């Protein structure tokens with residue numbers, strides 16, 4: 001059952017920003033070969049020069065006994081620019 005977002009949700013600046021950021025980061029993660037459905041995704045808000053960055057971390061869902069392998073993508077708060085991409089080792 002499809003539903004539309006309410007005006008209240010669309011007026012929430014953080015929710016809209018995060019939706020844009022996630023869409024941008026997910027697209028880039030897929031291009032880099034990451035299976036985002038099989039990833040444990042964490043999101044961190046980072047203060048940056050005069051604004052915010054969102055750090056999206058894609059790690060394995062089955063992380064016990066594993067090291068590294070995470071993909072980290074930092075995106076500006078507008079969701080338009082990827083600022084940095086890091087890979088765990």
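No lab work stands behind these numbers, since they all come straight from the coordinates. Because the structure is a prediction, the values reported are computed rather than measured.
With no solvent and one equal point scatterer placed on each C-alpha of the chain, evaluate the Debye formula and give log10 I(q)/I(0) for q = 0.14, 0.18, 0.24 Å⁻¹, two decimals.
Cα-only, vacuum Debye calculation for the chain: -0.54, -0.82, -1.17.
Which residue fluctuates the most in the chain, going by a Gaussian network model with Cα springs under 10 Å, if the choices are 20, 55, 30?
Its mean-square fluctuation being the largest, the pick is 30.
Using only alpha carbon pairs under 8 Å that are at least six residues apart, calculate the relative contact order of segment 7-87 and give it in whole percent.
Reported relative contact order: 29 percent.
Top mean-square fluctuation among 76, 49, 12, Gaussian network model of the chain, C-alpha springs under 10 Å?
Looking only at 76, 49, 12, the largest GNM fluctuation is found for 49.
Return the calculated 222 nm mean residue ellipticity for the chain, to the nearest 500 deg cm²/dmol, obtained by summing -39500 (n - 2.57) across DSSP H runs with n ≥ 4 and dividing by the residue count.
My calculation for the chain gives -8000 deg cm²/dmol from helical runs alone.
Just 59, 51, 79 to compare: in a GNM of the chain, with alpha carbon springs under 10 Å, which one fluctuates most?
Maximum among the listed residues: 51.
Going by alpha carbons, how many degrees (0 to 90, nearest 10) lie between the helix axis of 13-31 and the longest principal axis of the chain?
The angle comes out at about 40 degrees.
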